[in-house]
Structures are given as structure tokens and as C-alpha cells.
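One structure is given below, encoded as C-alpha cells.
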Amino acid sequence: MSVSPSPASPSCSPPSSPSAPSSAVSRGAGAALVVPRLRAAGCVFAEDEARLLAAAARDAAELDALVERRVAGLPLEHVVGWAEFCGLRIAVDTGVFVPRRRTEFLVRRAAELAAPGDVVVDLCCGSGAVGAAVAAAAGPVALYACDVEPAAVRCARRNVAGHGGRVFRGDLYEPLPDALRGRVRVLLANAPYVPTDALGLLPAEARVHEPRVALDGGADGLDVQRRVIADARHWLAPGGCLLVETGERQAARTAAAFARHGLVPRVAADPGLEATVVTGRRAAR
């Protein structure tokens, strides 16, 4: 779970949902009345945010409370309690990393490799958005996920429950069942990759309201990635793949780490999403 060294704030993309509920507040003048307050707070897409806040409120008093939280700087997703990701409505509790739109590229790459019945593991899962989206796209899979943050684990369990997923709390591979060794077809890791010295450049929404463990990738941003890559071959099935989201400038070093640990790397990018994914395949024999 990570943002890039210079990510866009979650509020820099128009918020949307495939199934945002309606309410008396959203049908009245409530949404229009809060737009100036949101604009004054620097919300770029104030009209869209006002619509979602109004839809989440049961009455005018609750709308006012939601707007106060947003104006105070909380990410919109934490205020309304969900984020739209790969067409899914993902529950996002306060203090949990908000899934970024760029990470949909990681999901697409993984879904191309996964098949029904495959074992899929989502490390550093955060809200569980990546694993849930891959399962939704690839068909029924044996989904496992883990994270070190208790709040993230609780949130992920809700998001993967509909896909039969299991979520464990612990550091990387440590909490996974030993029975998965050598059986994982698709191993996902949206590990933190922001260099420590660059954390201060992140939007306040990320710096203040998301856990540092989800952002801080160490001196060069690759500390957690290296640990993931170093042990991946022990868990991957023959021909299985590890997919890691990384920064464009870090991709060459990430790919080199894959090669050092016996995985054949491939770098892919989506310029429109400003997303970069490195895939490493274990030899089939």
C-alpha cells in the first residue's frame, strides 16, 4: 500500500461511485449550500464532493458534521467511509490507507495473469482493495491478504469477505499459512515506496491521516520491496508471478532486485495513470 514519491492527493481526482445512495439532503439544497465551504478549503472538485457528502448524510445536521470533517482536512474517503476502486465500493475506515487510482493498473496486470482457482496473495494489503479487485476481475480465486496495521486488517476483512478471502495480521509473509509455500500463482505487493526524505512533500491528507508504515519506503523507497522480492521464490508456484507497484524512477532498481533473486522481470507503465508495475516470473521448472 503506497503512494508514489509525488502523488496526487485523493481529492485531485473527481470522486465517484457506481452506487452512491440518494437521500433527502442530496435532493434538496444541502449540497449546493456546502460547495462554497468546500471551495474555500481548497477542494478542487467541490461540487462532486458536496454531492457525495450530501448522499452520505441522513439530515442537514449530519451533513454539516461531515463537511466540518472534510474542511478540517480529512480525506473525503475517510469522511464518507468508502472509495471507488476498479468499479468496486471499498470500505475505507479512518486511519486506513486510501487506494489510489494509479493502483488500478496493478490490478489489471494481475488479472491478466490470474485464473479461476489460483492462489492469489495480497501483501501490504491495506483496505484489501487490490485483492478484492483482482478476485472480482479474475473469477473465483483462493485469496489471502495480510498487513501489519490492525485497522487495515479489520477493514480488509470486510472488503474481501464477499470473495471468500482470508486476511492475516503480521509482517509480510510471516502470518501466511505454511501450506501456501510454492503454491502462489499471483503475488501482489503494493508496498510503500516513498523515500523517507520525501514524506514531507506528500499532501497533508496522506501525511496526517494515513499510517506512516503505509507510506515510508526507507532511504531510497525500496526497503520493503527488497524484503518482499527476497522471499518471493519460496512462495511462488513454478511459473507464478510477483507484481510490485513502484515509482517510474525506481523501476530499474526494482527490476534488478527481481533478477538478483531469480525472477525474470518485466517493467510496464500506464502514462495516463502515472503508474509503473514490475512483474517477476518464477521459472516454470
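The values are calculated or read from the model by the stated rules, or taken from the named source; none is laboratory data. Predicted model only: the values in this text are computed from it and were never measured. So basically every Cβ, Gly included, is an ideal-geometry build from the backbone, and we count neighbours across all protein chains shown. Accessible surface areas use protein heavy atoms only, side chains included; no ligands, DNA or RNA. Shrake-Rupley method; radii C 1.70, N 1.55, O 1.52, S 1.80 Å.
Here are the numbers for this structure:
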quantity: Members of the stretch 136-154 found to be open to solvent by 10 Å² or more (accessible area, probe 1.4 Å), assigned to a helix (DSSP H, G or I) and either out of contact with any Cys (no Cβ under 9 Å at 6 or more places or on another chain) or free of Cβ contacts under 8 Å to residues at least 40 places away in the same chain (or both), listed by number; calculated: Ala138, Pro150, Ala151, Arg154
quantity: The stretch 109-162, subset among the hydrophobic types (A, V, I, L, M, F, W, C) and in contact with a Lys or Arg (Cβ under 6 Å, 6 or more places away or on another chain), residue farthest from Arg266 (Cα to Cα); calculated: Val153
quantity: Subset of the stretch 74-94 [open to solvent by 10 Å² or more (accessible area, probe 1.4 Å) and in a loop (DSSP other than H, G, I, E, B)]; calculated: Leu74, Gly81, Cys86, Gly87, Asp93, Thr94
quantity: First in the stretch 100-112 and among the aliphatic types (A, V, I, L, M), second anywhere and open to solvent by 20 Å² or more (accessible area, probe 1.4 Å), Cβ under 7 Å, 6 or more apart; calculated: Val107/Cys86; Val107/Ala137; Ala111/Ala137
quantity: Checking Phe168 against (1) open to solvent by 60 Å² or more (accessible area, probe 1.4 Å); (2) assigned to a strand (DSSP E or B); (3) not β-branched (Val, Ile, Thr), the condition it does not meet; calculated: (1)
quantity: Selection count, the stretch 32-73, where residues are farther than 22 Å from Val92 by Cβ, loosely packed, with under 13 Cβ neighbours inside 10 Å and in contact with a helix residue (DSSP H, G or I) (Cβ under 9 Å, 6 or more places away or on another chain); calculated: 4
quantity: Residue identified as free of Cβ contacts under 8 Å to residues at least 40 places away in the same chain, in a loop (DSSP other than H, G, I, E, B) and on the phi > 0 side of the Ramachandran plot among Gly262, Gly182; calculated: Gly262
quantity: From the options Phe97, Phe105, residue that is part of a loop (DSSP other than H, G, I, E, B) and of a type outside the set (S, T, N, Q); calculated: Phe97
quantity: Subset of the stretch 185-207 [part of a helix (DSSP H, G or I) and either in contact with a Leu (Cβ under 9 Å, 6 or more places away or on another chain) or among the acidic types (Asp, Glu) (or both)]; calculated: Asp197, Leu199, Glu205, Ala206, Arg207
quantity: Among residues of the stretch 234-252, those that are more than 22 Å from the chain's Cα centre (by Cα), within 13 Å of Thr279 (Cα to Cα) and outside any strand (DSSP E or B), counted; calculated: 1
quantity: Residue among Arg70, Arg157 that is more than 30 Å from Glu248 (Cβ to Cβ), in a helix (DSSP H, G or I), touching a Gly at 6+ places or on another chain (Cβ under 9 Å) and in contact (Cβ under 8 Å) with a residue 24 or more places away in the chain; calculated: Arg157
quantity: Test: residue in the stretch 1-18 that is open to solvent by less than 20 Å² (accessible area, probe 1.4 Å) and either at pLDDT 80 or above or hydrophobic (A, V, I, L, M, F, W, C) (or both); calculated: yes
quantity: Candidate set from the stretch 177-192 (those that are among the aliphatic types (A, V, I, L, M) and open to solvent by less than 10 Å² (accessible area, probe 1.4 Å)); member that is nearest to Ala115 (Cα to Cα); calculated: Val186
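This table checks each residue for (1) open to solvent by 40 Å² or more (accessible area, probe 1.4 Å); (2) in contact with a helix residue (DSSP H, G or I) (Cβ under 9 Å, 6 or more places away or on another chain); (3) among the small types (Gly, Ala, Ser); (4) at pLDDT 95 or above.
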{"residue": "Ala219", "(1), (2), (3), (4)": "yes, yes, yes, yes"}
{"residue": "Gln225", "(1), (2), (3), (4)": "no, yes, no, yes"}
{"residue": "Ile229", "(1), (2), (3), (4)": "no, yes, no, yes"}
{"residue": "Arg233", "(1), (2), (3), (4)": "yes, no, no, yes"}
{"residue": "Leu236", "(1), (2), (3), (4)": "no, no, no, yes"}
{"residue": "Cys241", "(1), (2), (3), (4)": "no, yes, no, yes"}
{"residue": "Arg260", "(1), (2), (3), (4)": "yes, yes, no, yes"}
{"residue": "Leu273", "(1), (2), (3), (4)": "yes, yes, no, yes"}
{"residue": "Val277", "(1), (2), (3), (4)": "no, yes, no, yes"}
